[in-house]
1. Evaluate the relative contact order of the chain (contact order divided by residue number), counting alpha-carbon pairs under 8 angstrom at least 6 apart; express in whole percent.
2. Based on the mean of other beta carbon atoms within 10 Å per residue, what is the order of 9-19, 59-69, most packed first?
3. Any number yet on Rg/Rh for the chain, C-alpha, Kirkwood?
Amino acid sequence: MSKTKTHLDRLILIPTDYRWDEMVGLLKLLGYESKAGGKTGGSRRKFINADGHIISLHEPHPNKIVKCYVLRQIVITFKERGIL
């Protein structure tokens, strides 16, 4: 099983312990690059792929667990784009 498939299989389950570093790793595996925000970006992070598709996420803090509603939104986005 590929690393990408393993990550996607875990994402689909909408786990309550999905870490920020897992999300960043998955997006990198799928060809997304992190782009630095401006001065007022705060904890908002943007990820852009080669097609110019942008995924904008809030980096969770102080703990690094991604909220379930964010995971559901990512799953929907990936389904719309044919990744899932």
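1. 29
2. Going from most to least packed, we get 9-19, 59-69.
3. Checking Rg against Rh, the ratio lands at 0.94.
Where a number appears in this text, it was derived from the coordinates with a stated rule and is not lab data. All values reported here derive from a predicted model rather than from experimental measurement. Every residue, glycine among them, receives a Cβ derived from its backbone with ideal geometry; neighbour counts consider all protein chains shown.
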